[in-house]
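The values are calculated or read from the model by the stated rules, or taken from the named source; none is laboratory data. Nothing here was measured: the structure is a model prediction, and the numbers come from that model. Here the Cβ positions follow ideal geometry from the backbone for every residue, glycine too, while neighbour counts run over all protein chains shown. We work out accessible area using only protein heavy atoms, side chains counted, and drop any ligands, DNA or RNA first. Shrake-Rupley method; radii C 1.70, N 1.55, O 1.52, S 1.80 Å.
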Amino acid sequence: MSDPSAATTPSGAAGARRPLVRLEHVDKHFGALHVLRDVDLTVAEGEVVVVIGPSGSGKSTLCRTINRLETIDSGRITIAGEDLPQEGKALAKLRADVGMVFQSFNLFAHKTVRENVTLGPVKARGVSAEQARKRADELLERVGVANQADKYPAQLSGGQQQRVAIARALAMDPKVMLFDEPTSALDPEMINEVLDVMTGLAKSGMTMIVVTHEMGFARRAADRVVFMADGQIVEDAEPETFFTAPKHERAKDFLSKILTH
Amino acid sequence: MDPVLENLGLFASGFLRSLGIAAWGLLGSLVWGTVLAVFRISPVPVLRAFGTFYVTWLRNTPLAIVLFTMAFGIPAVGINASYYVFGVVGLVLYTSAFVCEAVRSGVATVPTGQAEAARSIGLTFSQTLGLIVLPQALRAVVPPVGNVLIAMIKNSAVVGALGVGGDLFSVYNRLTSAQGYAALPVLTGVAIGFLVMTLTASALLALFERRAAVAR
Ligand SMILES: Nc1ncnc2c1ncn2[C@@H]1O[C@H](COP(=O)(O)OP(=O)(O)O)[C@@H](O)[C@H]1O
Ligand SMILES: [Mg+2]
């Protein structure tokens, strides 16, 4: 498990790729609760890693430490070889490079769909309004909500909102995209429209860390599946291997539960 | 009501002076109160601690003590200004603690996911606050801040008691002590002066509340 990207990526292609996100011996507590225990994880450029595990196992926290929405107690996190900066301008700059998609969408409620997508490029990157708008319209087209650009988030369905949220993150041209259960808050009929966008993104070579229980997506798009339990990474394997022959008891147990649903 | 009608000019100038105190107090409290609220939610521990200390202290000190400290304590350490300035500053120091808490409670109504999304696209703390959080907090902030400001207009009467001069309180003193008018009708005139201010403020607030409600 020291450098899983080298060993387990299909076709071994990622083995030659540069590590983009690297967590080493990361520990995190919430008060007395030890939520991340000595977590090591390396994600190479262009790799898609699905994180799976029972509720409360620390998946969201793991995701959030990578753009420092949560601080860590000890260990090290680097992105493209650089340590996460402390609070301040440098951190804001780093966050612009790390896209994040939340379970509850979190679109800016007082801004139109297009404004949601242009705000980051204009305010954080200094892109001209004209250019940001052009790019926003392209991205909205790409995620299939171009005709909703002038509406407010509350006027959109959940699936549409989540696709806008993806466009908003993509507008920053991020190096890596984090997804924290992007389809868990959606009605079943909207899940696929979001997963399709994510699959397209994965195929386009985007580096992605995706917390999800959508096994179809994991099989289709992921290079690796990481299984977490009690704040630890218990198993790290190719999707096919993980779903058909999980090694650890916890993983077997978890899979049998979600498979019987 | 004779004393009022006979001295309408005096009352008018007293009203304007009192209005001035209230207006400066309002402006100062809004600005300083908002700055304090930003301190209290900022990521900088020193600023947060200062904000908490300030609010706890000023909210739990009687206004009269704050004003007397300004008017008599501060000059004693060698800082001099007119009673008018001391009065307004004291009023602002006191009221801003309440404005701070009202703004903070409004900010708390904005879901944390909004600020997290803003930070995650690379906005700085001040951009997150100014572009995302405060605009959405506005609707929730207006009513409680309005209440604080209306209370402040009434409190501004106490500033006159310091001896600012020329305000409605001094009009009362002059007409009753120097010119021997009965207290009650004169006080009624003074009360009407303050009513005009508070009722106008309430009406403006109601208007603003309605506009803040549709603006989203
Ligand atoms: N801000 C927080 N304060 C205290 N405890 C938290 C906080 N966020 C998460 N936790 C706790 O940390 C544990 C891991 O949470 P989380 O990372 O959200 O797990 P998952 O996403 O796998 O469900 C849970 O027990 C949760 O209750
Ligand atoms: Mg979670």
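Observations
- Here chain A is assigned +1 on the Cβ of each Lys and Arg and -1 on the Cβ of each Asp and Glu. Its dipole about the Cα centre then comes out at about 660 debye.
- Amide proton proximity set for A:Gly53, modelled H, under 5 Å, gap of 5+: A:Met228
- Contact residues in region B:88-117 (at least 10 Å² less accessible area with all protein chains than alone, 1.4 Å probe): B:Gly113, B:Gln114, B:Glu116, B:Ala117.
- Phi angles across region A:93-108 convert, under the Karplus curve 6.51 cos²θ - 1.76 cosθ + 1.60 with θ = phi - 60°, into 3J(HN,Hα) values of 5, 5, 4, 5, 8, 10, x, 9, 10, 9, 4, 9, 6, 6, 5, 5 Hz, Gly and Pro given as x.
- Residues with amide H under 5 Å from that of A:Val176, placed H, sequence gap 5 or more: A:Gly99
- In range of the label at A:Asp137: residues from region A:82-119 whose backbone nitrogen is under 16 Å from the point 7 Å along Cα→Cβ: A:113-119
- FRET efficiency for B:Ala203 and B:Ala76, using Cβ-Cβ distance with R0 set to 45 Å, rounded to 0.05: 0.60
- Of all accessible heavy-atom area on region B:2-215, the percent that carbon and sulfur account for (1.4 Å): 71
- Shape category assigned to region A:152-204 from the gyration tensor of Cα positions, a/c cut at 1.5: oblate
- Remark on A:Leu20: its backbone amide H falls under 5 Å from those of A:Val43, A:Ala44, A:Glu45, a criterion applied only to residues 5 or more positions apart or on other chains, H modelled at 1.01 Å from N.
- In the protein assembly as shown, Rg over Rh equals 1.15, where Rg is the alpha-carbon radius of gyration and Rh the Kirkwood radius from pairwise Cα distances.
- Carbon plus sulfur fraction of accessible area for region A:90-166, probe 1.4 Å, in percent: 44
- Choice from A:Val234, A:Val226, A:Val127 showing the highest fluctuation, given a GNM over chain A with Cα pairs closer than 10 Å: A:Val127
- Mean-position separation - Cα centroids, region A:125-171 and region A:89-124, in angstrom: 11
- Expected-Rg normalisation [2.2 N^0.38 Å, Cα atoms] applied to region A:137-261: 1.16
- Distance between the C-alpha centres of region B:177-208 and region B:1-66: 18 Å, rounded to the whole angstrom.
- Sorting B:Thr61, B:Thr109 on solvent-accessible area from highest to lowest, probe radius 1.4 Å, gives B:Thr109, B:Thr61.
- Backbone geometry of region A:25-39 corresponds, through the Karplus equation with coefficients 6.51, -1.76 and 1.60 at θ = phi - 60°, to 3J(HN,Hα) couplings of 6, 7, 10, 8, 10, 10, x, 7, 7, 8, 8, 10, 10, 6, 7 Hz, x marking Gly and Pro.
- Relative contact order computed over region B:2-215 (Cα-Cα under 8 Å; 6+ residues apart), in percent: 29
- log10 of Debye I(q)/I(0), alpha-carbon scatterers only, for chain A at 0.07, 0.11, 0.12, 0.14 Å⁻¹: -0.23, -0.59, -0.71, -0.97
- Under the span-like rule (Cα at least 27 Å along the axis, Kyte-Doolittle mean at least -1.0), DSSP H helices of chain B: B:8-41, B:83-107, B:134-160, B:183-214
- Solvent-accessible area per residue, Å², over region A:110-261 with all protein chains present [probe radius 1.4 Å]: 43
- Computed from the C-beta positions of A:Asp38 and A:Ile258 and an R0 of 35 Å, the FRET efficiency is 0.85 to the nearest 0.05.
- In this entry, region B:2-215 is assigned a mean projected area of 13.9 nm², taken as a quarter of its C-alpha convex hull surface.
- Most fluctuating residue given options A:Lys59, A:Lys151, A:Lys89, as computed from a GNM of chain A linking Cα atoms under 10 Å: A:Lys89
- Taking the DSSP bridge list for the protein assembly as shown and keeping only pairs wholly inside it, about 55 percent are antiparallel.
- Contact order relative to length of chain A, as percent, for alpha carbon pairs under 8 angstrom and 6 or more apart: 25
- Residue with peak Gaussian network fluctuation, chain B [Cα springs, cutoff 10 Å], from B:Ala191, B:Ala37, B:Ala182: B:Ala182
- Buried area at the A-B interface (accessible, heavy atoms, 1.4 Å probe, summed, Å²): 1800
- Looking at region B:2-215, the accessible area is 48 square angstrom per residue; that uses a 1.4 Å probe and ignores ligands, DNA and RNA.
- Note that region A:214-227 has calculated 3J(HN,Hα) couplings of 7, 5, x, 5, 4, 5, 6, 10, 8, 8, 9, 10, 10, 9 Hz, one per residue in order, obtained from phi through the Karplus relation 6.51 cos²θ - 1.76 cosθ + 1.60 (θ = phi - 60°); glycine and proline are x.
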